[in-house]
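Data block below; observations after.
The values are calculated or read from the model by the stated rules, or taken from the named source; none is laboratory data. Worth saying up front: this structure is predicted, and the values here are computed from it rather than measured. Positions of Cβ are generated from backbone atoms using ideal geometry, with glycine treated the same way; all protein chains shown enter the neighbour counts.
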C-alpha cells in the first residue's frame, strides 16, 4: 500500500504528465497553413498576435492601444479580462483584473511584420468607429467586437474550432496558440529562461515542465549536432 507522501507524489506526477499531454501546438507546416486560411478573417490579428507574442487569451482580450508601443515594437502586459459569475445575481460578468503573479506583468517585443499589420488594423478599426457611430462603445480595446465591446471567449473558441475543422485538426484549444509561440522559440534554440520571461511564467520550472516534449526533441537535435562535429573533426 502506498504511503500518503508517495500517493501525493504520484498525484503530482500524473498531474504534470496530464498538463504536458494537453500541450498541442501547431507544427510549422500547420502554422503556415493557418496563416493562409485566416487571411481576411475579422479575428486574424487576434490569432496572429497570440502566435507572435504568446499572450494569454485574457491578456489579449484586455489589451488597449495604450498598452502597445508601435514605435518601439512592444506590448506592455499589465491586466487580464475574464468572465466570472456574480454570486448575487447568478449572471456571468466580464471583469478586468491585474495578473495573478508579478511575472505576468511584462513587456513583450512585437515582430516587425506584426507591427505593420497592427498599424493597418488600427486604421481599419478607426474606419469602423466612424461607420458605427453612436453604436460603437470606444473602450480603447485592440481586440473587440464590432460594437467596441469585449470579446466573448466561447464565441472566439467556436470560430477558432471552425477554422481547425477546415484544417482537419481536432482537440486543439485557443491556448495552444500560446504553446505554439513557445514551441517555435525552443525550436529556434531560445534559452528556457528567456521563454519563461516572455510567457510570464511564475518560475522557470513551470516552463520546463510544460514544454518537456519540446525540450526532449531538442536534446536529440543537439546530440546529432555533436555527432556531426566529431565526424568533421575526424573523431570516431
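Things to note:
- Screening residue 127 with (1) surrounded by 14 or more Cβ atoms within 10 Å (Cβ to Cβ); (2) farther than 25 Å from residue 200 by Cα gives one miss only, at (1).
- Subset of segment 219-234 (residues that are within 16 Å of residue 188 (Cβ to Cβ) and modelled with pLDDT of 65 or more): none
- Per the listing 74, 80, 18, 62, the residue uniquely more than 20 Å from residue 158 (Cβ to Cβ) and at pLDDT below 95 is 18.
- Single residue of segment 164-192 satisfying the filter (in a helix (DSSP H, G or I) and free of Cβ contacts under 8 Å to residues at least 12 places away in the same chain) that is surrounded by the fewest Cβ atoms within 10 Å (Cβ to Cβ): 165
- Checking each residue in segment 103-139 for being touching a helix residue (DSSP H, G or I) at 6+ places or on another chain (Cβ under 6 Å) and either assigned to a loop (DSSP other than H, G, I, E, B) or modelled with pLDDT under 95 (or both) picks out 111, 136.
- Here residue 113 meets the list (1) surrounded by 11 or more Cβ atoms within 10 Å (Cβ to Cβ); (2) under 25 Å from the mean Cα position of the chain (by Cα); (3) under 19 Å from residue 44 (Cβ atoms) almost entirely, failing just condition (1).
- Restricting segment 83-102 to residues that are in contact with a strand residue (DSSP E or B) (Cβ under 7 Å, 6 or more places away or on another chain) and in contact (Cβ under 8 Å) with a residue 60 or more places away in the chain, the residue that is farthest from residue 116 (Cα to Cα): 83
- For residue 106, the criteria (1) more than 15 Å from the chain's Cα centre (by Cα); (2) more than 18 Å from residue 44 (Cα to Cα) hold in every case but one, which is (1).
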